[in-house]
Amino acid sequence: MANRLSTDAPETGRMQTGQAKEGLTWKGAIIAILFALFFVALAAVAIRHSEMVTGQYISNGVPPLPAFAVILFLSLLRPILRRYLPRLAPSRAQTLLIYITVAVAVIFSGLYQVRAFLPHLVSLQYWGRSDPLLGQYARYLPSWYAPHDMKAIIDYFEGADKGVIPWHVWMKPLAIWSLFFGAVFVGVFSLVSLVQRQWIRNEKLSFPLLALPMALTSDSWSIYGGAGSRRMLFIIGFGIAAVFNGVNILHIIYPSVPSIGFSFSLAEYFPNRPWTPLQSAILFFMLEAVGIGYFVPLEVSFSTWFFYVANRLFAIAGTAAGYDEPGFPFTQEQCAGGYLAVGLILLWGLRATLGQSFHRSFGRAGDRSSPSDRGAWIGLAGSSLFILAFCHIAGFSLKLALPYFAIIGVFVLVYARIRAETGVPLGIVWPWNLPKEMLLNFISIPRTLNWGGTGSFVLFSSMAWMSRHHYPMEQAAYHLDGIKLSEEAKIPRRILMIALLCAFVAGLGAAYWIHLSAYYDLGSNMAGGGTGSGEYRATVALQEYQQMASRIATPTPQSMPRLAATGGGFVFVGGLSLMRRYILGFPFHPLGFLIATAYGDHNTGWFALMIAWLLKALILRFGGLPLYRRGMPFFLGLAIGHLFLGGVFWPFFSTLFGAQAANSYHLLFGG
């Protein structure tokens, strides 16, 4: 059944670049890794003094904007060096290794990893000063787990004299948490290492998102048609992005110039019941999603916008029928159920591959096993045991920790599959916060409190950032991208593992410095363009603890409608998978349903994917595969142009006009 989640159609976007495969020596790898770490350091400085001050995001995006900027820069530099200094020209394998190293390192400094983690360590103590209900729970955070020095915590939120970081307060908890981050990192890499053979070699998933780095590093675009047509189509695509961003930027500098804007809301057109569910339908002009969406399988892009529209129509029908249950139609709960269904389907499809790998590694035929397989099994088991031991020592009941991290593990598997098979350039394609909330609703709040007591419940909330944000999922996606790119460029697996390890150490260390230096300089309440109410991730942490305190004071019963929605999503996605398996040409894809419902009532990518689907369908209908291939330069130009102009050029150019100008045209790439 897992095989039928993929598509064998030739138009899925499988890149063919005409590039001869090449290897990578240890000397070349070391040089590439050192250059990658240099670029990571540059990105860290840029994020610290741009994003953390103005709030203009430069660390986000799918792919991450710094990684895109690096590979674009190297791709432009390579032909120049080849002509004048050929010995200094990086090879394609080196360029791709630099790209994946920078991508994995930079996302630690992005919106959803260290920035989401840190406030969960200090929010109870800080806000507990003014809210005794919160303050009484800070004692459940062990001294090795979170800082308890009140001056250091106040300075974290409000800024310190001369911006000095009290490293003596942070060193112990950060060192211990670094081991936790490392365990998750190793576990995620081990998991994707075990499934990659089935997905990459057997099912031959197309990795549409990698069309961008593969094209940028290719020496020949001859498969896309003649040189003249390729150049013209690329320039047209890039030009559309230039006009779009140029007009919006001119409007910031000269307000009299009309603005295209970044989105268009339908809210004002549907003010009255039963049409109010359409108020959440926003048309985001994500040009990079249109460009990369061209390489996404048609059934995925079609299913994404179709199921989003169907969800809004279902909500309208419920409103018309007088059903006023808050949260209806429980879109994310449907997605969470679908995630569990796809996860079980994937595991069932992987049973033979995993079984053979395990027996090769530890059975009688162990002498013929692959060292990487054995290492992956040991890494997965070791990281799992470490995480559970970490929770147990902290006081987080294993009755909760075990199912919690098991659900996260399933979500990691499905998220990685979405990246490999669909390649949608969206980050939030999982139902955020649902791993925790789904488990709590299934067990019930009273039973959860009975199982572990108040302390365990507090620690559960302190780890809610793993559910609300997507550190393990995001890492899994880029690890899998790295494995795919390493196979394309014949980069030895051991070199890739060392590069990723370097990315982990450099990325996590840079993220600690970026955030703590910004918070002790500006204060978390003011950092990132804040106005005193707190950086957004800090607000999320506060809201989590406020909800926790409310639930402890008045435990709420199970929400049966939400449980029903989760079960309904499980059954519906399971049914889609069965029909896709047995009905030839079935147009709906279960992963498209997950992408459509992951964000809830809002979805930033549905409109862009609808445009990409329409254009691709028309091109294939009237020109077939040859015209589809010849059209690729246009869509690559559109994506590259928008990522460069809106994601690289404008954030730095806008600093000339101040934070207000930067935030007036604020592009959040990746949704």
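The values are calculated or read from the model by the stated rules, or taken from the named source; none is laboratory data. Small disclaimer: the values here were computed from a predicted structure and weren't measured. FYI the Cβ positions are ideal-geometry reconstructions off the backbone, even for glycines, and counts take in every protein chain you see. Accessible surface areas use protein heavy atoms only, side chains included; no ligands, DNA or RNA. Shrake-Rupley method; radii C 1.70, N 1.55, O 1.52, S 1.80 Å.
Quick notes on this structure:
- Residue within the range 527-548 that is surrounded by fewer than 19 Cβ atoms within 10 Å (Cβ to Cβ), of a type in the set (Val, Ile, Thr), in contact (Cβ under 8 Å) with a residue 60 or more places away in the chain and assigned to a helix (DSSP H, G or I) present: no
- Restricting attention to the range 110-142 and to residues that are open to solvent by less than 20 Å² (accessible area, probe 1.4 Å), farther than 21 Å from Glu158 by Cα and of a type outside the set (A, V, I, L, M, F, W, C), the residue that is farthest from the chain's Cα centre (by Cα) turns out to be Tyr137.
- Within the range 48-72, the set of residues being open to solvent by less than 30 Å² (accessible area, probe 1.4 Å) and part of a loop (DSSP other than H, G, I, E, B) comprises Gly55, Gln56, Ile58, Ser59, Asn60, Gly61, Val62, Pro63, Pro64.
- Subset tally (residues that are farther than 19 Å from Tyr519 by Cα and either in a helix (DSSP H, G or I) or in contact (Cβ under 8 Å) with a residue 40 or more places away in the chain (or both)) for the range 143-174: 1
- Figure legend. Inter-residue proximity from the range 389-400: first residues of a type outside the set (Ser, Thr, Tyr), second residues outside any helix (DSSP H, G or I) and surrounded by fewer than 18 Cβ atoms within 10 Å (Cβ to Cβ), beta-carbon distance below 9 Å, spacing 6+ or different chains. Indicated pairs: Ile393/Pro142; Ile393/Trp144; Ala394/Pro142; Ala394/Trp144; Gly395/Pro142.
- Filtering Gly246, Gly237, Gly261, Gly228 for residues that are assigned to a helix (DSSP H, G or I), of a type in the set (Gly, Ala, Ser) and farther than 27 Å from Arg629 by Cα leaves a single hit, Gly246.
- The set of residues in the range 237-258 being surrounded by 15 or more Cβ atoms within 10 Å (Cβ to Cβ) and touching a Pro at 6+ places or on another chain (Cβ under 9 Å) consists of Gly237, His251.
- Residue match in the range 485-496 (condition: outside any helix (DSSP H, G or I) and open to solvent by less than 30 Å² (accessible area, probe 1.4 Å)): yes
Residue-wise test of (1) hydroxyl-bearing (Ser, Thr, Tyr); (2) on the phi > 0 side of the Ramachandran plot; (3) surrounded by fewer than 21 Cβ atoms within 10 Å (Cβ to Cβ); (4) touching a His at 6+ places or on another chain (Cβ under 6 Å).
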residue	(1), (2), (3), (4)
Phe396	no, no, no, no
Lys399	no, no, yes, no
Val412	no, no, no, no
Tyr415	yes, no, no, no
Val424	no, no, no, no
Asn433	no, yes, yes, no
Trp451	no, no, yes, no
Ser461	yes, no, no, no
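- Lone qualifier among Thr604, Thr556 - being at pLDDT below 95 and more than 26 Å from Arg312 (Cα to Cα): Thr556
- Top-ranked residue of the range 81-109 - restricted to ones that are touching a helix residue (DSSP H, G or I) at 6+ places or on another chain (Cβ under 8 Å) and not hydrophobic (A, V, I, L, M, F, W, C), ranked as nearest to Asp219 (Cα to Cα): Ser91
- Residue among Gly182, Gly261 that is closer than 30 Å to Pro651 by Cα and either open to solvent by 60 Å² or more (accessible area, probe 1.4 Å) or of a type outside the set (S, T, N, Q) (or both): Gly261
- Residue in the range 73-87 that is touching a Leu at 6+ places or on another chain (Cβ under 8 Å), in contact (Cβ under 8 Å) with a residue 24 or more places away in the chain and either open to solvent by less than 10 Å² (accessible area, probe 1.4 Å) or on the phi > 0 side of the Ramachandran plot (or both) present: no
- Subset of the range 155-168 that is over 31 Å from the mean Cα position of the chain (by Cα) and hydrophobic (A, V, I, L, M, F, W, C) - its residue that is least open to solvent (accessible area, probe 1.4 Å): Ala160
- Of all residues in the range 313-339 being in contact (Cβ under 8 Å) with a residue 40 or more places away in the chain and not in a helix (DSSP H, G or I), the one that is surrounded by the fewest Cβ atoms within 10 Å (Cβ to Cβ): Glu325
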